[in-house]
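One structure is given below, encoded as structure tokens.
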Amino acid sequence: MDDPDETRADASDEAVGYVRTATGDDALEVRRILDAAMLEPGDVESRIAEGNVLVAGDERGGTAGTEERILGTVVLEPLEEPGAHVSAIGVRRRHRGRGIGTALIDRAVAREGRLTARFDDGVRPFYERLGFSIEPIDDRRHRGVKSGHGTDFD
């Protein structure tokens, strides 16, 4: 493991084999995942170069002859205060519900200490399961906060 932020799951965890910081070689797969989820977090390549994109997957074979297969990604936006904002999170449709999004958020919280997110009503259950404190922005949108030491709003 060359990435100091990389972790690998034990053999009993079939859904997620690793979570690591994305590299430039991952840009196409990250874009594909985000495009399929109809998410547009901005300049993904710059975010990857800054170290603000995490990927999760397994080692069952990917594209371009690699052993890895990227199954999910989270794009983070650094905040002025400690922590980061979740600009986008996506998991390949066939692999949803297997803990990949949870692994990405857990890694991001461990790395950043605190995460914020803005999201629609339809994905509120996802953020609730992850332990985000949630407050409404309006009747369709919400704001969530999660920190490694409990949750709270500013």
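The values are calculated or read from the model by the stated rules, or taken from the named source; none is laboratory data. For clarity, every value in this text was computed on a predicted model and none was experimentally measured. These accessible areas exclude ligands, DNA and RNA; they are computed on the full protein's heavy atoms, side chains included. Shrake-Rupley method; radii C 1.70, N 1.55, O 1.52, S 1.80 Å.
For region 95-154, what is the Kirkwood hydrodynamic radius in Å, using each pair of distinct C-alpha atoms? Write down the numbers at each step before the final one.
Details: mean 1/r = 0.0846 Å⁻¹.
Radius from the Kirkwood sum: 11.8 Å.
In region 84-154, the portion of solvent-accessible area held by carbon and sulfur atoms comes to 44 percent [1.4 Å probe, whole percent, DNA, RNA and ligands not counted]. Averaged over its residues, region 34-154 has an accessible area of 54 Å² per residue, based on protein heavy atoms and a 1.4 Å probe. In sequence order, region 119-129 has phi-based couplings of 7, 7, 3, x, 9, 3, x, 4, 5, 5, 4 Hz under the Karplus curve 6.51 cos²θ - 1.76 cosθ + 1.60, θ = phi - 60°, and Gly or Pro positions carry x.
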